[in-house]
Structure formats: C-alpha cells, structure tokens
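This report refers to the structure that appears directly beneath it.
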Amino acid sequence: MGQVIIRNLDDAVVASLKRLAAKDGKSLEQFLREVLADASRRDREGFFEFAKGMRERATPSDLDPTDLIRRDRDQGH
C-alpha cells in the first residue's frame, strides 16, 4: 500500500477534518482514506462517461489508410 504525507496544512483545516471524521465515528486517517478513494472513483467514472460520449459521437470511416498514405506520398509529404 502507498502512503501520502501532506505537509503544511493549516491547523484550522486539520481541526475541521478531525471534527468531520469524529462525526462519522472514524479516525482522521480512515476518514481521509475514504475521501480520497471516493474522489478517485469519481474521476475515473467521469473519464469513462467522457470516453463513452466520444465513442457515440464518432462516425465509422470507410477510408483505407493505404490510400491515404499513397496520396500523401504522391503529394510529396
């Protein structure tokens, strides 16, 4: 398992996070572990939604890559 150390957090931020953790009946470490895991999942889900949308908007092409390469070559590219 990896570890993350965050330095120079404002004392008020730490106190606030500790209160939120205690409110949930969790240690600060467990609370932050769950917050980070949730943020990671949301980011991944957003990416998959974006990729799905791109796939749906993409139209199939009947272009032959060989023809494109030959055309570029013939035009001196």
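Comparison of Lys26, Lys52 shows that the only residue that is touching a helix residue (DSSP H, G or I) at 6+ places or on another chain (Cβ under 8 Å) and of a type in the set (D, E, K, R) is Lys26. Hey, does region 50-71 have a residue that's open to solvent by 100 Å² or more (accessible area, probe 1.4 Å), part of a helix (DSSP H, G or I), of a type in the set (Asp, Glu) and over 21 Å from Gly2 (Cα atoms)? Yes, region 50-71 contains at least one residue that is open to solvent by 100 Å² or more (accessible area, probe 1.4 Å), part of a helix (DSSP H, G or I), of a type in the set (Asp, Glu) and over 21 Å from Gly2 (Cα atoms). Going residue by residue through region 23-37, is there one that turns out to be of a type outside the set (Gly, Ala, Ser), part of a helix (DSSP H, G or I) and more than 22 Å from Gly2 (Cα to Cα)? Scanning region 23-37 turns up at least one residue that is of a type outside the set (Gly, Ala, Ser), part of a helix (DSSP H, G or I) and more than 22 Å from Gly2 (Cα to Cα). Taking first residues from region 57-77 that are free of Cβ contacts under 8 Å to residues at least 40 places away in the same chain and partners that are surrounded by 10 or more Cβ atoms within 10 Å (Cβ to Cβ) and β-branched (Val, Ile, Thr), no Cβ contact under 6 Å between residues at least 6 apart in sequence or on separate chains turns up. Counting residues in region 1-9 that are free of Cβ contacts under 8 Å to residues at least 12 places away in the same chain and part of a helix (DSSP H, G or I) gives zero.
The values are calculated or read from the model by the stated rules, or taken from the named source; none is laboratory data. These figures come from a predicted structure and were not determined experimentally. Don't worry about glycine lacking a Cβ; one is built from the backbone with ideal geometry, like all the others, and counts go over all protein chains shown. For the accessible areas, the whole protein counts, side chains as well, though only heavy atoms, and no ligand, DNA or RNA atoms are used. Shrake-Rupley method; radii C 1.70, N 1.55, O 1.52, S 1.80 Å.
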